[in-house]
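Report on the structure given below.
The values are calculated or read from the model by the stated rules, or taken from the named source; none is laboratory data. This one's a predicted model, so the numbers in the text were calculated from it and none came from an experiment. Here Cβ is always computed from backbone atoms with ideal geometry, including for glycine, and neighbour counts include all displayed protein chains. The accessibility values were calculated without ligands, DNA or RNA, using every heavy atom of the protein model including side chains. Shrake-Rupley method; radii C 1.70, N 1.55, O 1.52, S 1.80 Å.
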Amino acid sequence: MNMATHRSVMLTLRHDLPASLVVFLVAVPLSLGIAMAAGAPLAAGLIAAIAGGIVAGRLGGSPVQVSGPTASLTLVIAGLVHTYGWRATCLITILAGAVQLVLGMFKAARAALAVSPAVVHGMLAGVGIIIALAQLHVVLGGSPQHSALANLTQLPGQIVDMHGHKVMAGVLMITVLLIWNRLPKHIRAIPAPLAALLVAAGIAWVFGWNVTRIDLSGAISSWSPPQLPQGDWHHVAGAALLIALLAGAESLLCCVATDRMHAGSRADLDRELTGQGVANMVSGALGGLPVAGVIIRSTTNIRAGARSRWSAILHGLWVLLFALCLGWTIQLIPMEALAALLVFTGIKTISLGHLRKAHGHHEVPVYLVTLAGVILIGLAEGVLAGLALAALLALRRLTGVTVAKRLEPDGRLHATVSGSLTFLGVPHLTQELRTIPAGTAVDLDLNIDFMDNAAFEAIHSWRLDHERLGGTVTIDDLHDEWYTMAAGGRRVFPAKRPPKPAGRWWLPWTHRRTASATTAVECRLTRGTHEFHRRTAPLLRPIFTQLAAKQQPTHLFITCADSRIVPSLITSSGPGDLFTVRNIGNLVPRAGSQPGDDSVTAAIEYATGVLKVHTITVCGHSGCGAMAALLSGPATTAGLPHLARWLRHGDPSLTRIGADKAEQHHDAALDLLCRMNVQQQLENLRTYRNVDEQVEAGALKLVGLYFDIASAQVSVLSPPTSGFPASTGTRRPPEPSQP
């Protein structure tokens with residue numbers, strides 16, 4: 001045995017074996033109850049659990065999902081058993097499995113995820129209510145009626161005529177289920193359904209209660225082959241397709257849900273659908289119920305520590321051994337106790353969490369319509385009604401257009417169109433735009449995710465008419481250039497187009513395009529401030545309101561005056577974060593140096609003495625013009641006397657790289673000088689008494705950054721390795737008497 005196999009065996013014994021036993025203890029009572037509710041032989045539930053565990057567990061695409069009989073198909077199976085008989089229903093199950101197998105082979109599994117969760121949860125809640133109402137009659141000692149309404153209307157009479165011992169067994173079962181989660185943790189290690197059945201069966205047997213017993217003797221061994229249904233084959237095919245789709249959708253949705261609960265490999269949905277198909281064919285051939293992934297068993301499996309598909313497979317083997325060797329113990333279980341378990345399970349399908357999620361996405365009508373349709377009409381009809389309403393609501397959202405208008409203080413009208421602009425929304429859009437007075441200067445923002453030709457024509461025609469009557473229109477696409485591209489004669493929805501950045505405030509003016517009707521040249525700063533007032537200021541106003549009283553930056557940021565360096569952009573900082581000093585070459589004159597420079601000194605003094613910044617950062621960049629002038633010599637600054645005097649503060653940086661390196665290839669020497677200049681300015685900062693004292697005390701940190709413009713990469717430079725000694729008094733020249 002190699003190491004990989006040995007490790008796999010050890011993981012199975014440590015994690016999957018205990019988890020399989022827990023799932024087995026949950027699966028047996030639920031499988032029996034679902035079979036009873038469906039009107040099928042009780043052994044059919046165990047056969048389905050065996051096939052779902054072994055076959056779907058081995059062939060499926062999820063490592064932790066557990067399959068078996070599911071309550072969501074109870075109504076369909078009950079109807080088929082009543083119409084065609086049990087053996088014919090088994091053949092329909094085989095056909096449903098074949099449909100799933102074909103769908104999985106053709107990679108159609110993802111299509112099931114298009115079903116609205118509100119429809120799925122509404123269907124499950126409706127089925128749960130029907131099961132609970134029907135089985136409540138069994139708990140009370142009677143028989144379920146033919147419909148949910150009949151069960152509800154006859155419930156009062158059933159309560160009046162309830163039978164003592166049978167009711168007590170059911171009530172005892174529900175009581176144990178309700179209080180089990182409140183017991184100590186070591187007791188709760190036993191699954192609640194199993195514990196409740198043991199308590200109800202034990203007390204009924206000890207006190208000799210007159211209850212209905214379950215008979216499973218010989219059911220597993222007395223197999224008979226499926227038979228052809230007698231009736232219209234269109235209905236048979238429809239039933240097989242319905243089972244395939246419902247069971248497949250539940251399995252795939254369960255896969256997606258369980259993927260969020262564990263850290264293992266993700267599920268292969270197509271493989272899962274194929275495995276479910278084979279499991280259904282095997283289950284139908286052996287006389288079992290249809291199989292699907294069950295969220296209760298899968299969740300139990302994960303919480304019990306399962307790591308691989310071996311847990312599901314072993315759980316199926318335990319069910320098989322139980323059915324063959326211990327099937328006689330089932331006759332001790334009161335039928336009313338199983339019915340009470342189904343009542344409890346049915347009520348739990350009504351989840352307030354699912355309803356809150358539906359409410360958050362405005363899908364409560366879909367949930368309620370599906371639930372009511374399943375209860376009042378039928379499972380297939382209720383699901384179709386829910387799907388139809390979900391499609392209508394989605395279409396309504398896609399065609400919903402809102403136009404918000406606001407008059408600015410300067411007299412311009414700011415209008416924002418939001419939604420998806422299709423031909424269905426054109427009437428409302430046109431009506432809103434025509435309410436804008438003629439001659440008005442309009443800023444129109446298109447906050448849209450789609451625009452078809454009819455919507456473009458409507459906006460474009462309105463714009464031309466508005467401008468003809470003396471108004472002006474500036475149109476800005478906030479997310480994508482739908483209008484701009486259409487107005488330029490390009491395809492509005494090309495097959496492939498690189499994604500557009502979500503925000504555009506940082507783009508250079510030359511990269512911004514707006515569909516403005518005016519061609520007059522305006523000051524770019526004026527247009528920029530207007531755009532700020534219109535789009536950015538409303539978002540930032542609360543922040544600036546808080547900052548208005550006092551500034552509290554944490555960083556002094558010294559960088560070059562180069563127009564390509566945007567400190568807030570390359571540091572992802574916002575208003576109030578950086579106290580910024582910009583000069584040519586990001587230079588920090590040494591304390592007391594000549595020519596003096598009070599502006600940088602004053603900023604350092606104010607930042608460290610008043611603002612109490614925590615960090616001083618010097619940021620250099622590639623291709624710095626100041627460093628290039630230093631490399632080229634005095635001739636570069638001929639005729640620029642002030643610049644020449646300022647660049648004398650960069651001489652230590654030039655000396656730092658050495659004459660031999662300065663004479664190498666210009667680009668390499670310039671890049672080296674730009675980097676060394678940052679380290680030199682960090683050393684120059686230590687010549688200021690206040691800075692040096694705070695650095696020594698650990699209250700201030702000096703950081704060097706280097707921005708490579710071509711690659712848009714910011715790197716942190718290592719601390720300087722040369723310069724003044726760290727522990728001598730020669731680091732800091734005497735402070736001048738006048739700063």
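See the values below:
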item	result
Extended-chain gain in nm, criterion 0.36 nm per residue less alpha-carbon gap, Asp232 and Leu464	77.2 nm
All-pairs alpha carbon distance profile, the chain, 10 Å steps from 0, percent	2, 11, 15, 13, 11, 12, 13, 11, 7, 3, 1, 0
Cβ crowding within 10 Å averaged over residues, with 593-599, 679-685, 146-152 ranked highest first	679-685, 146-152, 593-599
Cα-projected label distance for Lys405 with Thr526, points at 7 Å along beta-carbon direction, nm	2.7
Selection of chymotrypsin sites (Phe, Trp or Tyr not before Pro), region 549-614, meeting DSSP coil and at most 12 other Cβ within 10 Å	none
Estimated FRET transfer efficiency (Arg188, Met261; beta-carbon r; R0 25 Å; 0.05)	0.85
Sorted peptide list for 187-198, 364-375, criterion being average Cβ within 10 angstrom, highest first	364-375, 187-198
Crossing angle, helix 86-105 versus the chain [Cα axis fit, 0-90 degrees, rounded to tens]	20
Cα gyration tensor shape of region 110-190, rounded if a/c is under 1.5, else prolate or oblate by comparing a/b with b/c	oblate
Heavy-atom accessible surface of the chain: percent carbon and sulfur, 1.4 Å	63
Computed lengthening from Phe207 to Thr153, 0.36 nm per intervening residue step minus Cα-Cα distance	16.1 nm
Cleavage-rule hits (chymotrypsin sites (Phe, Trp or Tyr not before Pro)) in region 46-106: DSSP loop, at most 15 neighbouring Cβ within 10 angstrom	Phe106
Helix-only mean residue ellipticity at 222 nm for the chain, each DSSP H run of n ≥ 4 adding -39500 (n - 2.57), per residue, nearest 500	-16500 deg cm²/dmol
Debye intensity ratio I(q)/I(0), log10, region 585-672, q values 0.11, 0.13, 0.17 Å⁻¹ (C-alpha model)	-0.37, -0.51, -0.81
Accessible area (Å², 1.4 Å probe, nearest 10) - Ile475	0
Principal-axis tilt of helix 310-325 within the chain, Cα atoms, nearest 10 degrees	10
Calculated FRET efficiency for the pair Leu324/Thr435, C-beta based, R₀ 60 Å, to 0.05	0.15
Kirkwood Rh, Cα atoms: Rg over Rh of region 373-420	1.45
Fraction of antiparallel bridges per DSSP, the chain only, in percent to nearest 5	35
Degrees, to the nearest 10: 379-399 long Cα axis against longest axis of the chain	20
Inter-probe distance in nm under a simple model that places probes 7 Å from Cα toward Cβ, at Glu693 and Gln546	3.3
Trypsin sites (Lys or Arg not before Pro) within region 90-178, DSSP loop, no more than 13 other Cβ atoms inside 10 Å	Lys107
FRET E, pair Ala561, Thr472, Förster distance 35 Å, beta-carbon r, rounded to 0.05	0.45
Solvent accessible area, Å² - Met105, 1.4 Å probe, full protein context	130
Pair Leu21, Gln713: separation of 7 Å Cα→Cβ label points (nm)	5.7
